[in-house]
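*Asks:* Structure incoming, see below.
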Amino acid sequence: MQVQQQLINTSGAFFNINDNVRKTIFILCIAFCLTPFSSPAIALLMGLVMAQLMGHPYLHLNHKATHLLLQVSVVGLGFGMNIHSAIEAGKEGVLFTIASISGTLIFGYFMGKWLTIEKKTSFLISAGTAICGGSAIAAISPVIKAEEKQISVALGCVFVLNSIALFIFPIIGHHFNLSQTQFGLWCAIAIHDTSSVVGAASKYGTHALEVATTVKLARALWIVPVTFMASFVFKNKSKKVSIPYFIGLFILAVIANTYIPVVNMVAPYLIIVAKAGLTLTLFLIGAGLSRTVLASVGFKPLLQGVVLWIAISTTALYAVMHLA
């Protein structure tokens with residue numbers, strides 16, 4: 001998400017509203033996101049609506065805010081988990097993770113060639129779909145020396161599909177009567193970004209959230225080997241690999257909640273704050289998806305992203321229903 005700033009653009013807003021009025025409305029939306037009446041899906045929808053109608057009044061702060069809020073919120077969610085059940089959830093997801101990441105990258109490569117999509121754009125879309133959305137794109141793009149347009153197209157594609165997933169995954173999960181464990185696994189495998197994974201899973205249930213968060217963060221660690229692979233494929237050995245260090249803090253939070261009684265007592269309040277932070281994160285992400293951003297993606301990259309997403313979603317759904 002470090003290059004998310006390149007994705008966000010306030011141009012293309014439908015109404016030309018006084019800046020002070022726009023800021024007031026924006027702050028009121030933020031306040032609503034922090035109340036119990038909001039939810040990740042509602043917050044994301046509010047952000048999308050605001051992006052189309054008025055634009056983002058605090059563009060220069062959005063990148064840092066979403067990046068920090070997501071990390072703090074994920075760490076906070078760790079205080080609601082037990083280390084033993086988290087390990088079990090991680091074990092269940094490891095085979096699915098390996099199979100889905102490798103399969104998505106290979107399928108994405110051949111799709112990109114078939115659609116004659118620029119090589120770096122195609123790889124960023126594939127990696128974002130395979131691992132963890134914007135975070136993977138942010139880590140890999142400097143290693144392969146991707147241009148701003150290539151990064152923006154990949155991020156736009158991933159965030160658009162993320163937004164759709166947050167709304168439709170819980171509906172599909174209930175339709176197929178998925179258990180909490182099945183839905184958590186499916187979310188972690190088939191939804192790109194950690195924010196939307198946690199948002200969808202929290203709507204489904206507490207155990208689904210635990211499974212989804214653990215598996216998704218374990219999946220995010222694959223940024224490191226995939227980035228090294230990308231540096232070899234694109235023949236660039238001069239860039240450092242960006243490692244998601246906040247995952248270590250998440251693990252410490254889980255351990256503290258399991259073994260330290262005092263932490264266990266305050267954990268419910270920390271979880272409330274973490275979920276509010278996640279809801280706000282999704283609002284800010286939605287507020288960055290202006291019409292200009294959506295139009296800049298282009299048909300072929302979007303088609304690659306959609307086909308890859310449908311392929312991984314349906315395959316993972318079958319796997320968790322019949323193999324998990």
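The values are calculated or read from the model by the stated rules, or taken from the named source; none is laboratory data. Since the structure is predicted, the reported quantities are computational estimates derived from the model, not experimental observations. Backbone-built Cβ (ideal geometry, glycine too); neighbour counts: all protein chains shown. Calculation scope for accessible area: heavy atoms of the full protein, side chains included, ligands and nucleic acids excluded. Shrake-Rupley method; radii C 1.70, N 1.55, O 1.52, S 1.80 Å.
*Asks:* When the Cα centres of region 46-81 and region 118-193 are compared, how far apart do they sit, in Å?
*Replies:* Result: 17 Å between the Cα centres.
*Asks:* Quote the FRET efficiency, to the nearest 0.05, computed for Phe167 versus Val233 with a Förster distance R0 of 35 Å and r equal to the Cβ-Cβ distance.
*Replies:* Details: r = 35 Å, r/R0 = 1.00.
According to the calculation, E is roughly 0.50.
*Asks:* Work out which helices of the chain, taken as complete DSSP H runs, extend at least 18 Å along their axis over the Cα atoms and score a mean Kyte-Doolittle of 0.0 or more, then list them. Walk me through the numbers on the way to the answer.
*Replies:* On the way: long enough: 19-33 (21 Å, 1.19); 40-53 (20 Å, 1.97); 59-77 (27 Å, 0.78); 83-114 (45 Å, 0.75); 148-175 (40 Å, 1.29); 206-220 (21 Å, 0.40); 246-259 (20 Å, 2.04); 261-287 (39 Å, 1.74); 299-322 (34 Å, 1.25).
Span-like helices here: 19-33, 40-53, 59-77, 83-114, 148-175, 206-220, 246-259, 261-287, 299-322.
*Asks:* Right, another one. Looking at this model, which pairs from Lys113/Lys300; Lys145/Lys300; Lys23/Lys203; Lys120/Lys149 are more than 19 angstrom apart at the alpha-carbon?
*Replies:* Exceeds cut-off: Lys145/Lys300; Lys23/Lys203.
*Asks:* Please report the accessible area of His207 (heavy atoms, 1.4 Å probe, ligands and nucleic acids excluded) in Å², nearest 10.
*Replies:* Accessible surface of His207 is approximately 80 Å².
*Asks:* Give the accessible surface of region 137-229 per residue, rounded to a whole number of Å², with probe radius 1.4 Å and ligands, DNA and RNA excluded.
*Replies:* So region 137-229 comes to 30 Å² accessible per residue, rounded to a whole number.
*Asks:* Measure off, as a whole percent, the carbon and sulfur share of the 1.4 Å-probe accessible area of region 87-192, all protein chains present. It would help to have the intermediate numbers written out before the result.
*Replies:* Values: 2690 of 3970 Å².
Of all accessible area on region 87-192, carbon and sulfur atoms account for 68 percent.
*Asks:* Now for a separate question. Using amide H atoms built in the peptide plane, which far-off residues or other-chain residues are under 5 Å from Met81 H to H?
*Replies:* none
*Asks:* Then there is this: Sort Trp114, Trp186 by accessible area with a 1.4 Å probe, largest first. List each step's numbers first, then the result.
*Replies:* Values: Trp114 195, Trp186 5 Å².
Putting Trp114, Trp186 in descending order of accessible area: Trp114, Trp186.
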